[in-house]
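The values are calculated or read from the model by the stated rules, or taken from the named source; none is laboratory data. Just so it is clear, the structure is predicted and the values come from calculations on it, not from any experiment. Virtual Cβ from ideal backbone geometry, glycine too; neighbours counted across all protein chains shown. Ligands, DNA and RNA are excluded from the accessible area calculation, which covers all protein heavy atoms including side chains. Shrake-Rupley method; radii C 1.70, N 1.55, O 1.52, S 1.80 Å.
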Amino acid sequence: MAWTNYHSHFKYCDGVDEIDKHIQQALKYGVKSIGFTSHSPVHFENKWSMDRRDLPTYLKEVEEAKVQYAGQIEIYKSLEIDYFPDKAGLIETFRKDFNLDYTLGSVHFVDTFADGKPWEIDGPLLTFEKGLLEIFSNDIKRALKRYFEITIHMLEQDCPTILGHVDKIKMQNHNKFFFDEERSWYRDYLSQTLEAAAQSGTIVEVNTRGLYKKRASETYPGRFGLQRLKELKVPICLNADSHHPKEIIGEYENTVVFLRELGFKELMVLKDNVWQARPFDQSGIK
Ligand SMILES: [Zn+2]
Ligand SMILES: [Zn+2]
């Protein structure tokens, strides 16, 4: 089976290059199954989301690639859909309206500034600090609680096939400035979210982007979260969150070794349109 990646972006959002470049590179890397997940359009001006007018062309290009590369690589059509608690149901609506093969649900925005603009939690540090101050009076604990609450809300109200980068907010804490990830209150928030994931039936992705972009010292989630997922028997898949062809299996080799060390034996893959658990080792997924 070799490798898979169900979280990838190309030119339609903040990713780069044509879909063909991504597929050609995926073939070189031995990827046998790939899903495209450009950022879904949102209800406000945002520079890295897809323009709503581009959506039909994006979907058509993925559909055409499926046919063009049939027999060489399985290609799946999806979107990385932003979750907003007051827009619950949108993930399912996108799936149905655009006949997506699966959905990837992510939280990138937490509440709003006084002017109504959503607070982006994985953008520049200055934006992060501004929201933390203006929306949460610099109370990092309250901000993190809210981030995980929204994620739980998504899992309960509008569950995606795959939960995207469950603790990506920790990228802002790369220098350990804001909080101590070992503290029990933080671990409890993460743990409660993973318990909600276990209840929901979602697949939790192990996202390697922070590692190869050097924005995090661990995958999303890291050791603690992965151990909890193992205990809770939550299915996982390996995703690169690639935005460039060269990132399609970024940091996979180290990550699978680590997953094996933690006792994981299977990864979820999409084969012939069906999600299934497959064994894996350093050389790939069987
Ligand atoms: Zn994302
Ligand atoms: Zn992404």
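When K168 is tested against (1) surrounded by fewer than 22 Cβ atoms within 10 Å (Cβ to Cβ); (2) within 16 Å of ligand 1 (Cβ to nearest atom), just one condition goes unmet, and that condition is (1).
Within the set F113, F109, F128, the sole residue that is within 14 Å of ligand 1 (Cβ to nearest atom) and not basic (K, R) turns out to be F109. Considering only residues in the range 255-285 that are closer than 24 Å to T37 by Cα and open to solvent by 50 Å² or more (accessible area, probe 1.4 Å), the one that is nearest to ligand 1 (Cβ to nearest atom) turns out to be W275.
Of the strands (runs of 3 or more DSSP E) lying entirely inside the range 84-155, those containing at least 1 residues that are open to solvent by 10 Å² or more (accessible area, probe 1.4 Å) and closer than 19 Å to S49 by Cα span 109-112, 118-120.
Yes or no: K32 basic (K, R), open to solvent by 30 Å² or more (accessible area, probe 1.4 Å) and part of a strand (DSSP E or B)?
So K32 fits the description; yes.
In the range 39-50, the condition of being under 16 Å from L100 (Cβ atoms), part of a helix (DSSP H, G or I) and touching a helix residue (DSSP H, G or I) at 6+ places or on another chain (Cβ under 8 Å) is met by no residue.
Conditions tested, residue by residue: (1) without any contact (Cβ under 8 Å) to a residue 60 or more places away in the chain; (2) open to solvent by less than 70 Å² (accessible area, probe 1.4 Å); (3) touching a Gly at 6+ places or on another chain (Cβ under 7 Å); (4) of a type outside the set (A, V, I, L, M).
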{"residue": "T4", "(1), (2), (3), (4)": "no, yes, no, yes"}
{"residue": "H7", "(1), (2), (3), (4)": "no, yes, yes, yes"}
{"residue": "F36", "(1), (2), (3), (4)": "yes, yes, no, yes"}
{"residue": "L55", "(1), (2), (3), (4)": "yes, yes, no, no"}
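Can you find a residue that is outside any helix (DSSP H, G or I), open to solvent by less than 30 Å² (accessible area, probe 1.4 Å), out of contact with any strand residue (DSSP E or B) (no Cβ under 6 Å at 6 or more places or on another chain) and modelled with pLDDT under 95 anywhere in the range 211-229? So far as the range 211-229 goes, yes, one or more of its residues are outside any helix (DSSP H, G or I), open to solvent by less than 30 Å² (accessible area, probe 1.4 Å), out of contact with any strand residue (DSSP E or B) (no Cβ under 6 Å at 6 or more places or on another chain) and modelled with pLDDT under 95.
Just to verify a result, which residue in the range 156-181, among those that are free of Cβ contacts under 8 Å to residues at least 12 places away in the same chain and assigned to a loop (DSSP other than H, G, I, E, B), is farthest from I236 (Cα to Cα)?
F177
Residues in the range 237-253 that are part of a helix (DSSP H, G or I) and within 16 Å of ligand 1 (Cβ to nearest atom): 1 in all.
Of all residues in the range 85-108, those that are at positive phi have Cβ atoms under 9 Å from Cβ atoms of residues that are within 16 Å of ligand 2 (Cβ to nearest atom) and at pLDDT 95 or above, 6 or more apart or on another chain, in N99/K77. Picking from residues in the range 182-196 that are open to solvent by 70 Å² or more (accessible area, probe 1.4 Å) and not in a loop (DSSP other than H, G, I, E, B), the one that is farthest from N207 (Cα to Cα) is S184.
On inspection, S184 qualifies as hydroxyl-bearing (S, T, Y), without any contact (Cβ under 8 Å) to a residue 12 or more places away in the chain and under 26 Å from R228 (Cβ atoms).
When you check V256 against the structure, is it more than 22 Å from D180 (Cα to Cα), assigned to a loop (DSSP other than H, G, I, E, B) and among the β-branched types (V, I, T), yes or no?
Details: more than 22 Å from D180 (Cα to Cα): yes; assigned to a loop (DSSP other than H, G, I, E, B): no; among the β-branched types (V, I, T): yes.
Answer is no for this residue.
Filtered by the rule that a residue be within 9 Å of ligand 2 (Cβ to nearest atom) and open to solvent by 10 Å² or more (accessible area, probe 1.4 Å), the range 231-246 gives a lone residue, H243.
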